[in-house]
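Scroll down for the structure; my scribbles are underneath it.
Values in this text are rule-based calculations from the coordinates and carry no lab data. Note that the coordinates shown come from a computational prediction; the quantities given were computed from them, not determined experimentally. Neighbour counts are summed over all protein chains in view; Cβ atoms, including those assigned to glycine, are modelled from backbone coordinates with ideal geometry.
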There are 2 protein chains.
Amino acid sequence: MNYPNKISKNKPWRLEVSHSNRGMNLEEMLNQSNNYYKEKDIALIFKKPTPIGIVDVAYENKKKIIKKAYFKEQSTLDYNGIYRGKYIDFDAKECLSKTAFPLNNIHEHQTEHIRGVIRHGGIAFLIIMMNGLIYLLDGQDYLWYIDNNERKSIAYSYIQEKGLVIKEGYLPRLDYLKTIDNKYFKGE
Amino acid sequence: MNYPNKISKNKPWRLEVSHSNRGMNLEEMLNQSNNYYKEKDIALIFKKPTPIGIVDVAYENKKKIIKKAYFKEQSTLDYNGIYRGKYIDFDAKECLSKTAFPLNNIHEHQTEHIRGVIRHGGIAFLIIMMNGLIYLLDGQDYLWYIDNNERKSIAYSYIQEKGLVIKEGYLPRLDYLKTIDNKYFKGE
């Protein structure tokens, strides 16, 4: 009879996980992880708000309300911030295809943004969820593929070869900064 | 008779300036400057989109349209990016008062964000337009004032003393990165 309570006292994350972590999509996992990094003062990384074009506003109870707006494309990547003194910039995509990552997921100005971030000394990458795994694909490996292939998608075999698998956990749900440590801060 | 044409050929910025730069507000000046920095590959700094909470969407001609939304507060500062390998984060405010900058312009989580950016090795500051001048106030000077004063505003004399005046020009309209060079990269 006491079994569930004992578990929750000794390992409180067990219950929490079973309630709140189940069925998170990639964006939710990253938001939870970024909140965790912020709370623990490990990094300051945020998702940028979705850009919109406002067509019409009105006032309701003296509060300004948007009555009509449309979605615009992000000209940068969705996430950026600072970690270990370095500028971090990335995008996250869930890929339904099992064989290839379609390149129309990343717009041309976003590819140029990745190129620019690396040129200016920042860290840029993609997080790709595919075939049940979550990969970190370094911006330079992404650009190499773009620059050396005519294909409209990245073969899964390339993502398997170059990508680093991000381990899923409890808190943070996706410890992608550990992957960043291994990739970019080795030996520091 | 040929006078205006000659000017526009020899110094095309003359005419451009008189048309497009007159009457820019602070945000427009910064957007123009950030575009210039991007075009010249000097820095990658962007204004974050305004965060909104979407209440209702609909489809018009197969396109998703926002039918109702409200404005949310930015939990970070409005502008961030990378310059000379460093993480840059700032906010820009036009101040109507001639004697003091009201601190309700900067929310508490934004003040904590400034603290965090500096702790993690980034550069954080405020750009304040006041009494016809545009000042760059370093994040540490801002925090010092907050931490050592009970007042609900920053006295103009403090901004004059600690702030650095950003020179207005043509292209970029506000060369605030030159001010950053002098303040943070001296001797490099």
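Rounded to the nearest 20 Debye, what is the dipole magnitude of segment B:12-184 about its Cα centre when Lys and Arg each give +1 and Asp and Glu each give -1 at the C-beta? Write out the running numbers ahead of the final one.
Numbers: 25 positive and 22 negative charges, 97 e Å.
Computed about the Cα centre, the dipole is about 460 debye.
Could you work out how far apart the two model spin labels at B:SER97 and B:ASN131 are, taking each label as a point 7 Å from the Cα in the direction of the beta carbon, and quote it in nm?
So the label points at B:SER97 and B:ASN131 sit 1.4 nm apart.
Would you pull out the residues with amide H under 5 Å of A:TYR83's amide H, same chain only if 5 or more places away, H placed 1.01 Å from N?
Counting only residues 5 or more places away or on other chains, the set is A:ILE88.
Computed on alpha carbon atoms, what radius of gyration and Dmax characterise segment A:89-154, expressed in Å?
Every Cα atom of segment A:89-154 included, Rg and Dmax give 11.5, 34 Å.
Looking at this model, which pairs from A:LYS48/A:LYS167; A:LYS67/B:LYS63; A:LYS38/A:LYS178; B:LYS72/B:LYS93; B:LYS48/B:LYS86 are more than 21 angstrom apart at the alpha-carbon? Don't jump to the answer; show the numbers that get you there.
Working: A:LYS48/A:LYS167 24 Å; A:LYS67/B:LYS63 16 Å; A:LYS38/A:LYS178 15 Å; B:LYS72/B:LYS93 18 Å; B:LYS48/B:LYS86 18 Å.
Those over the limit are A:LYS48/A:LYS167.
Sorted from largest down, give the three principal axis spans of the alpha carbons of the protein assembly as shown, whole angstrom values.
That gives 85, 58, 53 Å along the principal axes, largest extent first.
What residues have an amide H closer than 5 Å to that of B:LEU174, excluding those fewer than 5 places away on the same chain, when H is modeled at 1.01 Å from N in the peptide plane?
B:SER33, B:GLY169
Along Cα-to-Cβ, 7 Å out, sits the label point; list in nm, shortest first, how far the one on B:GLU112 is from those in the other copies.
Here B:GLU112 shows inter-copy label distances of 3.8 nm.
For the residues B:TYR135, A:TYR87, A:TYR145, what sequence is obtained by ranking on other C-beta atoms within 10 Å, fewest first? Provide the component values of the computation, followed by the final result.
Values: B:TYR135 22, A:TYR87 25, A:TYR145 19.
Least crowded to most crowded, the residues run A:TYR145, B:TYR135, A:TYR87.
Using a cut-off of 18 Å between alpha-carbon atoms, which aspartates and glutamates can reach B:LYS162, once sequence neighbours fewer than 8 places away in the same chain are excluded?
B:ASP91, B:GLU94, B:ASP138, B:ASP141, B:ASP147, B:ASP181
Can you show me the helix-derived [θ] at 222 nm for chain A, built from DSSP H runs with n ≥ 4 at -39,500 (n - 2.57) apiece and divided by the number of residues, rounded to the nearest 500.
Numbers: 7 runs with 65 residues, N = 188.
After summing the helix terms and dividing by residue count, I get -10000 deg cm²/dmol.
Two decimals is fine: what's Rg over Rh for segment A:12-184, C-alpha atoms, Kirkwood radius as Rh?
Values: Rg = 17.9 Å, Rh = 17.7 Å.
A ratio of 1.01.
Quick check: pseudo-label points 7 Å beyond the Cα along Cα→Cβ at B:LYS72 and A:LEU171, how many nm apart are they?
2.2 nm
How would segment A:119-188 be classified by its alpha-carbon gyration tensor: rounded, prolate or oblate, with rounded meaning a/c under 1.5 and the a/b versus b/c comparison settling the rest? Don't skip to the end; give the middle numbers.
Details: a/c = 2.46, a/b = 1.28, b/c = 1.93.
Oblate, because a/c is 1.5 or more while a/b does not exceed b/c.
Name the residue from A:ILE180, B:PHE185, A:ILE154 whose Cα lies farthest towards the positive end of the charge dipole of the protein assembly as shown, charges +1 on Cβ of Lys and Arg and -1 on Cβ of Asp and Glu.
A:ILE154
Convex hull over the Cα atoms of segment A:70-121, averaged projected area in nm²?
Values: hull surface 19.9 nm².
Its average projected convex-hull area is 5.0 nm².
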